[in-house]
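What follows is one structure encoded as structure tokens, with my remarks underneath.
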Amino acid sequence: MKNKWNNSISILSLVFPATVFSLLMPQHIVAQHPVEIGISVSPGFTVVNFEKALGYSDDYMEDWDQFYIGIAAKGFLPSKGKFQPGAEFGWHKLYYAYYVVPYGSTGPVYREFYVSTLSFMAAGRYSMNHFFVTASAGLHLFEDGVAPALGGEAGWNLSLGDKFSIPLSLKIIAIFGDGLPLPVSLGVGFSYKLKT
């Protein structure tokens, strides 16, 4: 990606979510929703404009795939109400492309791109019994730059007792980088509630 922010933004993207999480953690609270941590895996499809993302004409594209896979670790703070603030850290395989570009008499030039990101997102979740909706905002770190992103997720928690659950969800992420990648995925995860 060609979006390049100041290096300090990259550093802040690493420390800011953890700092906010620790500063906001209440020392004593009678919570309707306790602290919750979890992981999720989300396979899906990435909508992207290849020409704008990679700078080569689609006429030279020999192979590509838009299969998406995301792996995320999540944490949410305790709350007396239905809303819980939290944070999410993830890895995302976005898309792949392979080009054969004519280059005069010297022969073609071969270009191959495996595009993935690391993400650092602040999140807020609203729960109604087993149903939940989550909104997130943060940064996606590409190999050569940083882009802001917004995310939305809706799903259902399958309870496995008082502490464990399996969240099933539909998730969409808008990444405001070159080519505007838009992963759409179905997720499954595992969550653990820290009872106090």
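Every number here is computed from the coordinates shown, using simple stated rules; none is lab data. These numbers were taken from a predicted model, which means no experiment stands behind them. Backbone-built Cβ (ideal geometry, glycine too); neighbour counts: all protein chains shown.
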ask   = Here is a list of conditions, (1) part of a strand (DSSP E or B); (2) touching a residue at least 24 places away in the same chain (Cβ under 8 Å); (3) not hydrophobic (A, V, I, L, M, F, W, C), and residue 81 meets all of them except one; can you say which number that is?
value = (1)
query = Taking region 115-167, which residues are in contact (Cβ under 8 Å) with a residue 60 or more places away in the chain and aromatic (Phe, Trp, Tyr)?
reply = 120, 142
task = Could you list, in sequence order, all residues of region 82-112 that are loosely packed, with under 12 Cβ neighbours inside 10 Å and either of a type in the set (Asp, Glu) or within 27 Å of the chain's Cα centre (by Cα) (or both)?
result = 112
request  = Report yes if some residue within region 98-111 is under 29 Å from residue 136 (Cα atoms) and among the aliphatic types (A, V, I, L, M); otherwise report no.
outcome  = no
query = Residues 122, 137: which one is exposed (fewer than 14 other Cβ atoms within 10 Å of the Cβ), under 12 Å from the mean Cα position of the chain (by Cα) and not acidic (Asp, Glu)?
reply = 137
